[in-house]
Amino acid sequence: MLDLEPQYRALRPALEAALERVCGSQQFILGEEVKAFEEEAAQYLGAAHAVGVNSGTDALVIALRALDIGPGDEVITTPFSFFATAEAISLVGATPVFADIEAESFNLDPRQVAALITPRARALLPVHLFGRPAAMGALLELAERHGLAVIEDAAQAFGARYAPPCVGCDGQDCAPATQARLQARYVGTLGAIGAFSFYPSKNLGAYGDGGLIVTNDAQLAERCRKLRSHGSLVAYRNETLGYNSRLDALQAAILRVKLPYVAEWNAARRRVAETYNELLAGLPGIVTPAVTTGHVFHQYTLRLPDRRRDAIRQALAEQGIGTMVYYPTPIHQLPVYAGQFPPQPVSEAAAGEVLSLPIWPEIAESAQARVASALAQALSAGA
Ligand SMILES: Cc1ncc(COP(=O)(O)O)c(C=O)c1O
């Protein structure tokens with residue numbers, strides 16, 4: 001499903017030197033290494049500020065807290081994501097409101113969002129799922145019209161660029177000013193705050209947990225810095241309840257080695273997706289993902305309708321081919337939220353049909369061909 005070894009092999013001397021540097025400095029939490037990574041990541045993404053934290057989950061929690069979102073507030077988000085997206089909203093005491101997704105992009109559907117905005121709504125929390133930018137033009141326009149903040153969950157989409165128009169625009173093109181604002185910007189920098197994860201399997205992955213908050217708002221950045229360190233910017237002057245959520249120097253050093261390669265890796269992921277699409281073209285009973293502008297293919301995710309997904313997954317497993325189901329249960333149906341939210345038919349259908357195939361930048365074309373032929377065989381055998 002994923003092989004991180006080629007990346008490690010290629011960068012090993014630089015990674016070892018980076019680890020040596022940190023160990024030699026004996027500065028393990030925050031410090032110069034983290035500051036340098038924050039500056040380099042902010043510059044790469046075109047954000048004014050970047051704040052390194054412990055994980056993508058903490059990046060979301062701290063972003064919500066920095067925006068003063070809490071009990072009594074509603075945050076509209078997608079039910080088709082990793083649990084952390086909604087968990088962060090619940091953890092700050094706010095209420096997640098689930099809006100269904102677009103069947104084609106697996107991302108939040110702006111038309112569904114529009115119908116769910118109440119006076120208690122404070123923010124929209126779109127996810128750029130599988131590395132595909134969400135319909136940010138329409139979402140930002142909605143947010144502006146209703147005075148809502150936009151927090152981007154860009155955990156799976158480091159280096160993805162947004163390019164309008166978005167799917168789901170329904171012919172209502174964004175105003176030219178919005179279009180200009182969005183053109184070719186990196187996701188995470190489009191709303192008020194963006195949250196990234198450096199979980200090892202991510203497009204930019206650390207060697208442990210890590211996360212990043214980006215924003216163009218100096219005040220929000222300062223609040224995030226305070227919140228990540230027990231509510232204090234100066235040692236022993238705690239001004240608010242915060243978290244122990246600092247990016248550590250070893251992770252920052254590793255991320256600094258990897259950052260210059262992320263564009264190359266993302267381009268390679270797009271080529272892998274194109275190759276899969278060519279290999280799988282014309283196979284009956286599957287829907288392949290579109291290689292849209294800016295998509296960085298954290299996952300290459302098919303749809304297998306007609307209740308065949310699990311049997312096909314099993315058939316591939318028997319040939320030694322790993323696949324994953326992201327996500328088998330939409331968030332609103334997870335035990336923690338069971339019975340609390342209305343049905344989300346598009347997400348529920350997707351959960352029964354999605355299958356993610358092996359993808360990493362260095363995967364060999366021969367390996368992809370083997371996956372494709374095993375899939376074709378399973379489909380024709382009626383699995
Ligand atoms: C969409 C999404 N949001 C949030 C997270 C949470 O990130 P982390 O695992 O770094 O806490 C993840 C990843 O794992 C994710 O995929």
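Brief remarks follow.
- Alpha carbon centroid spacing (whole Å) that separates the stretch 29-88 from the stretch 367-381: 39 Å
- Distance between the pseudo-spin-label points of GLN26 and THR292 (7 Å out from Cα toward the beta carbon): 5.2 nm.
- Where only C-alpha atoms are counted, convex hull volume of the chain per residue in Å³: 136 Å³
- The chain: antiparallel DSSP beta bridges as a percent of all, rounded to 5: 60 percent
- Alpha carbon convex hull of the stretch 282-349, volume per residue in cubic angstrom: 147 Å³
- Proximal lysines to LYS258, defined as alpha-carbon separation beneath 19 angstrom and excluding residues fewer than eight positions away on the same chain: LYS35, LYS202
- Cβ-derived FRET efficiency at R0 30 Å, THR118 paired with ASP306, nearest 0.05: 0.20
- Difference of contour (0.36 nm per residue) and Cα-Cα distance, GLU318 to ALA364: 14.5 nm
- Cα principal axis extents for the stretch 26-164, largest first, Å: 52, 34, 26
- Computed magnitude of the charge dipole of the stretch 262-380 (debye, nearest 20; Cβ of K, R +1, Cβ of D, E -1): 100 debye
- The chain: relative contact order in percent, alpha carbon pairs under 8 Å with at least 6 residues between: 21 percent
- Taking other Cβ atoms within 10 Å as a rough exposure proxy, MET1, MET324, MET136 sort from fewest to most as MET1, MET324, MET136.
- With neighbour counts taken as other beta-carbon atoms within 10 Å, the residues ILE101, ILE69 rank, fewest first, as ILE69, ILE101.
- Each 5 Å bin, from zero up to the one with the longest distance, holds this percent of the alpha carbon pairs of the stretch 262-380: 2, 11, 20, 21, 19, 13, 8, 5, 1, 0.
- As a proxy for reagent exposure, GLU362, GLU152 were ordered by neighbouring Cβ count within 10 angstrom, fewest first; the result is GLU362, GLU152.
- Centre separation in Å (Cα based) which lies between the stretch 299-359 and the stretch 181-237: 29 Å
Each value in this text was obtained by applying a stated rule to the coordinates, not by laboratory testing. Treat the numbers as computed from the prediction; the structure is a model and nothing was measured. Glycine also receives a Cβ, built like all others from the backbone with ideal geometry; neighbour counts cover every protein chain displayed.
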